[in-house]
Structures are given as C-alpha cells and as structure tokens.
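> After the structure tokens below, expect a handful of questions from me.
The values are calculated or read from the model by the stated rules, or taken from the named source; none is laboratory data. Since the structure is predicted, the reported quantities are computational estimates derived from the model, not experimental observations. All Cβ positions, glycine included, derive from the backbone under ideal geometry; neighbour counts span all protein chains shown.
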C-alpha cells in the first residue's frame, strides 16, 4: 500500500466530515462558533482520527461506522491544543503555521472554544446512531483518556516540570504517557471497540497505541532540537527555551531516535494478532511516526 | 414538609457523595487534584443536583438511582464557575465567600481543573451502573445543555454584551436562557429520565425548569443590586461595575421581583401533572428561589 496516499485520503475524509458535526451557527455569540470552526480547520495531520478508523478496520469493522468517534476524538484533541496554547499555559502564538485560537479570538473565547469542543465531542458520541453498549464503552474510554487521570493530568505535570532540572526519566515518562500517550492509545482502542474487536484484539491495540504514543513524543522532542520550523509549523527550540526536560536530555539525539525506532518495532510486533493484509495501515502509521520529518 | 430541612439534608447528601466520584490522588500533578477537590467543596447550595434528585422522585424513581447524575451535574456546574471566574472571563476573586480557584491555584491549574471536572462528569456517567439507554439520554441532555448551544454559548454571549448599552430584552433572555437556564432545566429533566418518567412528565419538568431558571436569574440580578454581600458570598454591585445589562434595567427592582414571582407560579402550574404528595419538593424549590435572600 501507498501510505502517503492513504494518509492523505483519510485526512481529507476527516477534514470533510468533521464540520458536519458542528451545530448550526447561533443568532448570538457567533464568535464562539467561529473560534471552534477555526480551531478545527487550521490543518493538522488528523493522526488520532485516522488511528481510530484504522483500529476499526483492523478488527473487521467498517470505516463508516468509526467516523463519528473519529471526529469526536479530533474534537477532544483540538480542545486540548486550544487550552494548552493559552498564555497561562504554554503561551504559544503559532500552531500548525497559523495564529493560535487565543491570538485570533482572544483569551476568553479560546477558553470557551476549548470547553465547547470537549462538550461537543461527548454530545456527538451520545447522539451517534450506534449500538448503545459500544457507545458507552467509547465514552468511558475517551473520558478516562482525556480527563484528570489522562491528558489533563499530563498537562498539569508538564507545567509542574517546567524550569526544573531534577525531572527524572520516570517522571518524564509519566508526563508523556498522560499528556499525549493516553489519547493516542484511546484513539486506536475506540476504533477497535467500534469495530467489535475481541478483548485480545483490543488489548493488542492498547499495547500498540502505548508504544506509538511514546515513539511519537520522543520524535517530537528530537524534532524540537533538529526539526525544520516550516515543516513542523511551530517554533523550533521552544522546549529548551521554556526549560522543558526532554528525552533528548536523557538519550541524546541519536539515542532518542533509536529508542523511538525500538518502540515502533514493538508496536508492529503487537499487531501480529491481526491478519497480515489487514494490519498494513497500522504498521505504516507506526513507521511514519519515526520517519515523519527527519 | 419542611423545605429548609429538606434542602439541608439533600445538600449534605451531595456534599458527602460527590467526593466519592473523584479518582485516587495521582503520584504527580497533585495540584490538579487539589484544585478539583477545592472547587467541589467550597460551599454552594447544590441546587442543580437537588433538582435532579427531586426530578427523579417526582416521576416515581428512587433517589439513590439519581445520585450519580446529580453529582455529574454538580461537576459540570462547578467546571463552569471555575472557568467563568478566570481573569480573562469575569475576573472574580471571590466565590461563595472563598478565594476562587484561579486565585488559590493559579490560572493554568484553574483552566485544567475546569477541564478535569467536565471530563470527569462524562466519565462518571459512562461508568454509572445503570440502564444503557437512559445513560445515553442523560449524557446527550447534559452535553447539549452545557455545550456550544447551551451554557458555553451563554457565557460567550454574556461577554459579548458586557459594556454595551444596546442589549435588548430579547438578547438578555437569550443570554440567561443559555448561561444558567439550560443546565437548571437539564438537571430536573435528567432526574426525570433517570426515574423513568413518561414523555409528558419529562415535558412538564422541562417547562418547570425553564421557568425556575429564568426566575433564578432575575432574582440574581435583583440580589446584585439589593443583596447582602455576606449572604450571597460575592461582591454586591459587580454587575453594574462590569457594565452588565440586567433585568433590573428593564423592569426595575420591584418589576423584576414581580416577574420572578410570576415565573415561579408558572413553574408550579407545570407540576400539576404529578400527584399532589409527590410534587411538594419541586414546588418548594421553585418558591425558595424567589424568597431566598430578600
């Protein structure tokens, strides 16, 4: 298969579908609606929803069935970016090559747009025309992944670690497992739940997700040091500037790259429970993560 | 029945139960956990969860069944307060007589604590050991009430209206119907859904909720002018200071009080579909709203 073409087509599918999940524009407070729409449309690789679709297909489900949870996942991911970019948080002005939501719409509306996206994700899942039991499993999985034992906790830990030079590898792993790992894992797991995967299959997807999530973060840290600003769409070297501890500190650039490749091979190994012809997209995505920009 | 005793007992029940819905304290990022706990425990009348319990009972359901959704509703309400108090929003330093969450834990953690509470609410509902179809209905109702066509939209509209002297009564009604009305209505409706109410009963609860929601906001506006700072636990006159249009502007203090009383009588009228002995708490709550502090 041609991975680049696959990713492009899937990204375009999500780009097209996600706006259908917005409610109609309200008579008052239009700025909120515009901020939500802007946040959802300024680029992004759509990696998480693509993982959700692929997770559904690898267990034998239909890609159409997973579009609703895939879009809900992208809404949750987008909400977290909008809030993380706020001045009181990471204070980022540029995201995916565009002004961040708070720069464009103001801080208050950015807080509200994030809230709106998070709410909307759960609303969309509740109203999804699908099997009730699976819907509940999906909502539970995503709530846990993004909540106070998941992504939100990871962001708090990340803030707590900023500027400290005593962050251990254990703490760094904890931060990233929560800040980025949990939602990446949940994305592919939710796909598996939607597609009706067995417990063993869901378990394999969970392990796969954990491994690519870690690889993804390690690569992010490496890119922050060696990446091309235009390519990654944000300011290079911002981690060092902010006094963030990264995997590069513990492993060096080459060591970190090696760790990322090892995690990807582990991820690919976990996919062996699935038929060879079905697991190709998830294998490709795992490899894409370490090859993406260097 | 003795309403004061009833409200006190129900408030204590929620105070006791709500902390059981927090996850265990994490090894890192404890500040987030503490901020969430603080936000949930600094007082409050627990009006919305009490409405949920009463809505469940009035349709013949058991109060125990409604404790989970009641606590989830209070989490959603609390998240909205935590975010609304932020400097970039209403910039409030005092809430229920205590420092607001951002004053106590910093702005970033306050954003995250709000996010955590909203997430947790949906997580708790998904994991609730209850009928699947009703759970989904409850999640959908709450998502809609608090989201970008509900409470979040109301807050955006409120910010948009600040400092403008051309806010019409129609716009003011839109703001409050969304900012406070929708979640109050959803609270009693969710109780009705939980208790297995018929469509007619749910409809009556919806109308009741809309009326008390409006009455509640009108009274809030009046209290901001004439209230006792110690009693309401926030700064009196803050609406005028912030250039907010209030119902007092359109109706005057006495006119606004009259409108609130009329709404309450309408609310009580909607309850007539329920047996006389069952509707007493909801009648009492409606009357309590206009009598609470003047």
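> Consider residue B:5 against the criteria (1) under 20 Å from the mean Cα position of the chain (by Cα); (2) not in a loop (DSSP other than H, G, I, E, B): it satisfies all of them except one. Which criterion is unmet?
Going through (1) under 20 Å from the mean Cα position of the chain (by Cα); (2) not in a loop (DSSP other than H, G, I, E, B) one by one, residue B:5 breaks only (1).
> So, one more: Please enumerate the residues belonging to the stretch B:156-168 that are more than 8 Å from chain A (Cβ to nearest Cβ) and either touching a residue at least 24 places away in the same chain (Cβ under 8 Å) or in contact with a helix residue (DSSP H, G or I) (Cβ under 6 Å, 6 or more places away or on another chain) (or both). Can you show your working first?
Going residue by residue through the stretch B:156-168, those that are more than 8 Å from chain A (Cβ to nearest Cβ) are B:158, B:161-168.
Selection gives B:158, B:161, B:162, B:163, B:164, B:165, B:167.
> Could you check, for the stretch B:40-56, whether at least one of its residues is in contact (Cβ under 8 Å) with a residue 24 or more places away in the chain, part of a helix (DSSP H, G or I) and within 13 Å of chain A (Cβ to nearest Cβ)? Before the answer, list the steps.
Of the stretch B:40-56, the ones in contact (Cβ under 8 Å) with a residue 24 or more places away in the chain are B:40-56.
Still in the running and part of a helix (DSSP H, G or I): B:40-41, B:47-56.
From the residues that got through so far, the ones that are within 13 Å of chain A (Cβ to nearest Cβ) too are B:40.
Yes, that holds for at least one residue.
> Right, another one. Within the stretch A:15-25, which residues are closer than 16 Å to residue A:128 by Cβ and part of a helix (DSSP H, G or I)?
A:17, A:18, A:20, A:21
> Out of A:197, A:163, A:243, A:203, which single residue is surrounded by fewer than 24 Cβ atoms within 10 Å (Cβ to Cβ), outside any helix (DSSP H, G or I) and modelled with pLDDT of 95 or more?
Of the residues listed, the single one that is surrounded by fewer than 24 Cβ atoms within 10 Å (Cβ to Cβ), outside any helix (DSSP H, G or I) and modelled with pLDDT of 95 or more is A:197.
> Since residue B:284 meets every condition but one in (1) more than 20 Å from residue B:187 (Cα to Cα); (2) touching a helix residue (DSSP H, G or I) at 6+ places or on another chain (Cβ under 7 Å), which condition does it not meet?
All conditions are met except number (1).
> Given (1) surrounded by fewer than 24 Cβ atoms within 10 Å (Cβ to Cβ); (2) away from chain A (no Cβ under 14 Å); (3) part of a helix (DSSP H, G or I), identify the lone condition not met by residue B:60.
(3)
> Can you tell me how many residues in the stretch A:24-38 are in contact (Cβ under 8 Å) with a residue 12 or more places away in the chain, more than 20 Å from the chain's Cα centre (by Cα) and surrounded by fewer than 17 Cβ atoms within 10 Å (Cβ to Cβ)?
Residues flagged as in contact (Cβ under 8 Å) with a residue 12 or more places away in the chain, more than 20 Å from the chain's Cα centre (by Cα) and surrounded by fewer than 17 Cβ atoms within 10 Å (Cβ to Cβ) within the stretch A:24-38 amount to 1.
> Here are A:253, A:248: which of them is over 22 Å from residue A:47 (Cα atoms), at pLDDT 90 or above and surrounded by 20 or more Cβ atoms within 10 Å (Cβ to Cβ)?
Details: A:253 fails: surrounded by 20 or more Cβ atoms within 10 Å (Cβ to Cβ).
None of the other options fit; the residue is A:248.
> If you don't mind, another one. Look at residue B:92 and say whether it is at pLDDT 95 or above and more than 19 Å from residue B:285 (Cα to Cα).
Working: at pLDDT 95 or above: no; more than 19 Å from residue B:285 (Cα to Cα): yes.
So residue B:92 fails the test.
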